[in-house]
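Some notes on the structure that comes next.
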Amino acid sequence: MKPSKHPHIELRQGESINEFMEGRLKLIQSKDGYRFSIDAVLLSHFVTIKPGDLVVDLGTGCGVILLILLLTRPVKHALGLEIQEDLASQAARNARLNGFEDRMNVVLGDIRRPPFAENSADVVVCNPPYRGVGSGRINPDTRKAIARHEILASIEDVMLAAKRLLREKGRLVVIYPSVRLVDILIRMRQFDLEPKRIQINHPGLTSSAKLVLMEASLGGKPGLEIAPPILGQ
């Protein structure tokens, strides 16, 4: 990662621009606040994208997932939903910074009331908060706390939003802690989202699983593929 200067893009106090993917992707992020993690990269590599897909990212943060997909996949249009104004601003400016302002829109809004047309998305992606409100220490940084704990949106809220937004046989893709795998499988089926593909992340060959990537189909038929594991992330 290396810093980069772009005088035509407004930076707010405490922000910087960094380059990733050998300079193909430039991102405005907070220097000390919330920054994207490897989870977003894993999810963007895992998701199935078909030519012409409209993709919605629930809780888009700085927009990194959508930007990676626009750079590497045949996405027709991308919509990011973010409840925190500073992150929504970063995502919108990142779309302009990378030349995707015509194919990516960012909306300031709530996952619990997504301001998009029902049955309009081919793919919904989400890197949701991993922890319930009563589990673990809440980070004093509000942006980090909202990203890590179910303060403003629960996994049920994500499932309900996906069910509303997806077309029939549309795909929901999430990344979640492996210890909560059973929780998310149960909730997917409660919302008619049939798990179709799973890939599990192990830090090493002898390490227990850490994260699980899951793709579900709205109204899909039973049948689950378990992909080779991801090691070392």
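For this structure, a couple of remarks:
- Packing rank of 107-114, 11-18, where each peptide gets the mean count of other beta carbons within 10 Å, highest leading: 107-114, 11-18
- Sites Asp192 and Leu224, calculated FRET efficiency, Cβ-Cβ separation with R0 22 Å, nearest 0.05: 0.90
- Calculated on the Cα set of region 1-112, radius of gyration then Dmax: 13.1, 39 Å.
- Between Lys210 and Arg167, residue separation times 0.36 nm minus the direct Cα-Cα distance comes to 12.4 nm.
- Report summary: the helix-based calculation at 222 nm, which adds -39500 (n - 2.57) for every DSSP H run with n ≥ 4 and divides by the residues of the chain, gives -7500 deg cm²/dmol.
- Here the convex hull built on the C-alpha positions of region 72-123 has a volume of 86 cubic angstrom per residue.
- Considering only beta bridges that DSSP places wholly inside the chain, some 50 percent are antiparallel.
- Relative contact order %, the chain, counting alpha carbon pairs below 8 Å whose residues are six or more apart: 15 percent
- Diffusion coefficient of region 163-211 by Stokes-Einstein, Kirkwood radius over Cα pairs, 20 °C, 1.002 mPa s: 175 µm²/s.
- Looking at the chain, the accessible area is 47 square angstrom per residue; that uses a 1.4 Å probe and ignores ligands, DNA and RNA.
- Exceeding the 24 Å Cα-Cα cut-off - candidates Lys50/Lys221; Lys163/Lys221; Lys163/Lys210: Lys163/Lys210
- For Arg12 and Gln233, a Förster radius of 45 Å and the Cβ-Cβ distance give a FRET efficiency of 0.90, rounded to the nearest 0.05.
- Partner aspartates and glutamates whose Cα lies under 15 Å from the Cα of Lys26, excluding those fewer than 8 positions away in the same chain, are identified as Glu10, Glu15, Glu101.
The values are calculated or read from the model by the stated rules, or taken from the named source; none is laboratory data. Small disclaimer: the values here were computed from a predicted structure and weren't measured. Counting neighbours? That spans all protein chains shown, and the Cβs are built from the backbone with ideal geometry, glycine included. The area values use the complete protein model at the heavy-atom level, side chains included, leaving out ligands, DNA and RNA. Shrake-Rupley method; radii C 1.70, N 1.55, O 1.52, S 1.80 Å.
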